[in-house]
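The values are calculated or read from the model by the stated rules, or taken from the named source; none is laboratory data. In this text, all values refer to a predicted model and were calculated from it rather than measured experimentally. A quick note on method: Cβ atoms are made from the backbone with ideal geometry, for glycine too, and the neighbour counts reach across all protein chains shown.
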Amino acid sequence: MKLNVKNIRYLSADDWRVLAATEQGSRNHELVPTSLITQIAGIRSGTGVHNCISNLAKINLIAKIQNAKYDGYRLTYGGLDYLALHAHTKSGVMYSVGNQIGVGKESDILVCADETGKQLVLKIHRLGRISFRTVKANRDYLRNRNSGSWMHMSRLAALKEYEFMKALRREGFPVPEPIGQSRHTVVMSMIDAFPMRQISSVGNPANLYAELLSLIVQLAQYGLIHGDFNEFNILVEERDEKDGSVTLIPTIIDFPQMVSIDHENAEYYFDRDVECIKRFFSRRFGFTSDEPGPYFKDSIKVIKKRLDVEVSASGFSKKMAKELAAYMKEHGVDGDGDGDAGGLDGEEGSDAEEEDEPGQQIEVEDLVPMDDPLAVKDITATTLITPSR
Ligand code: ADP
Ligand code: MG
């Protein structure tokens with residue numbers, strides 16, 4: 001399911017129409033009949049449509065379903081990728097795509113660039129990829145597979161991420177700048193920093209520690225709990241000051257699992273985020289604070305704004321939120337794994353994974369993102385625009 005953009009520039013206008021028609025048809029058809037594709041695409045010539053279909057199938061953007069009762073196709077992840085990239089190029093958000101810099105459990109992260117060559121990050125959500133924590137979950141997943149649902153859920157995850165990134169950015173939280181969203185993808189600014197996971201020592205951990213805990217509290221004061229506030233999702237930039245000291249500047253990423261402070265388990269998620277930071281600082285930097293807390297109940301005494309309410313009134317509705325949360329819970333999609341922080345979920349969780357046998361957990365390495373994003377400065381970018389234009 002790796003993104004392969006090499007064919008994108010050679011699709012004709014009719015190919016794009018047929019691809020978009022297949023996407024549209026798959027909203028209410030698991031298998032989109034060829035006749036419906038033809039009708040939606042609005043292309044007169046029947047042979048024309050058939051040629052497009054065979055082109056698209058050859059490069060795996062659509063796939064024929066074997067043994068089907070009737071002749072029809074479904075959109076593949078590759079097809080959805082192309083439609084999203086096409087939309088980003090048409091809206092001027094993106095001009096070229098470069099190397100993959102991260103593989104999350106539920107996403108691929110790539111460098112891309114706009115027309116001026118400015119580097120950006122493309123996050124492709126891939127819910128439903130076989131990388132859930134347990135074999136058992138995979139088996140259940142395969143049995144209940146509904147070919148449309150991965151697409152739908154990945155779209156919801158991207159939309160949620162984008163809407164929350166916009167709201168947080170607007171309120172001055174340190175998050176990447178959201179630049180565009182299409183289907184299951186989000187384009188955002190590239191943060192020139194390492195995940196905290198890759199930092200082995202810091203001069204004075206107390207400041208960074210205090211800042212991170214304060215961010216958790218501030219998020220709650222804006223109605224939100226990150227829900228996966230760990231060393232993979234905090235990027236830390238080291239800025240050299242004139243006086244020779246180094247300031248550490250955190251940026252928070254990864255928002256599909258964000259929950260409202262009204263969530264029935266809000267306090268549990270809040271405490272888990274706090275605990276994650278405490279544990280990491282203690283293990284990695286040998287730093288522990290004497291101060292207890294922060295506590296959820298104290299944090300929400302002063303509410304500054306309700307971004308949770310604001311976002312659900314705009315692009316990402318309550319209904320969508322519910323659907324995505326149910327899916328994530330069912331499939332044990334709940335963060336990047338435990339990193340070196342130990343089995344938080346297993347110890348304290350009320351999560352679905354509790355029922356699974358611990359021996360079947362995927363190695364943490366499988367879940368760890370990334371090479372260092374800074375190492376890919378020299379991206380080998382592929383231009384996405386059709387040569388003739
Ligand atoms: P996932 O949901 O799969 O965990 P993340 O959004 O956490 O995906 O991204 C995975 C990794 O990709 C991060 O740990 C980080 O190293 C890198 N990354 C993601 N977004 C950015 C960004 N805007 N700038 C730089 N690196 C990023
Ligand atoms: Mg992450």
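Of the strands (runs of 3 or more DSSP E) entirely within segment 1-120, those holding at least 1 residues that are among the basic types (Lys, Arg) and farther than 23 Å from Leu156 by Cβ occupy 62-64.
Taken together, Ile59, Ile101 contain a single residue that is among the hydrophobic types (A, V, I, L, M, F, W, C), touching a residue at least 24 places away in the same chain (Cβ under 8 Å) and within 16 Å of ligand 2 (Cβ to nearest atom), which is Ile101. Scan segment 253-275 and give yes if some residue there is away from ligand 1 (no atom under 13 Å from the Cβ), closer than 21 Å to Ala167 by Cβ, aromatic (Phe, Trp, Tyr) and in a loop (DSSP other than H, G, I, E, B), otherwise no. No.
Checking every residue in segment 168-187 against the condition of being more than 16 Å from ligand 1 (Cβ to nearest atom), modelled with pLDDT under 95 and not in a strand (DSSP E or B) gives zero matches. Residues of segment 265-290 that are at pLDDT 95 or above and among the acidic types (Asp, Glu): Glu267, Asp271, Asp273, Glu275. Of the residues Lys160, Lys166, which is within 26 Å of Gln119 (Cβ to Cβ) and either surrounded by fewer than 20 Cβ atoms within 10 Å (Cβ to Cβ) or away from ligand 2 (no atom under 15 Å from the Cβ) (or both)? On inspection, the qualifying residue turns out to be Lys166. For segment 155-167, the set of residues classified as more than 21 Å from Ile216 (Cα to Cα), within 12 Å of ligand 1 (Cβ to nearest atom) and either at pLDDT below 95 or out of contact with any helix residue (DSSP H, G or I) (no Cβ under 7 Å at 6 or more places or on another chain) (or both) consists of Ala158 only.
Here Gly293 clears all of (1) modelled with pLDDT under 95; (2) assigned to a helix (DSSP H, G or I); (3) not acidic (Asp, Glu) except the condition numbered (2).
The single condition among (1) part of a loop (DSSP other than H, G, I, E, B); (2) surrounded by 19 or more Cβ atoms within 10 Å (Cβ to Cβ) that Gly203 does not meet is (2).
Considered as a group, the residues in segment 228-246 that are free of Cβ contacts under 8 Å to residues at least 60 places away in the same chain and in contact with a helix residue (DSSP H, G or I) (Cβ under 8 Å, 6 or more places away or on another chain) include one that is nearest to ligand 1 (Cβ to nearest atom), and that residue is Leu235.
Being among the aromatic types (Phe, Trp, Tyr), more than 24 Å from Lys105 (Cα to Cα) and crowded, with 19+ Cβ neighbours inside 10 Å, is that true of even one residue in segment 311-320? Talk me through it step by step, then tell me what you get.
So the first thing to find is which residues in segment 311-320 are among the aromatic types (Phe, Trp, Tyr), and the list is 316.
Those left that are additionally more than 24 Å from Lys105 (Cα to Cα): none.
No, every residue in segment 311-320 fails to be among the aromatic types (Phe, Trp, Tyr), more than 24 Å from Lys105 (Cα to Cα) and crowded, with 19+ Cβ neighbours inside 10 Å.
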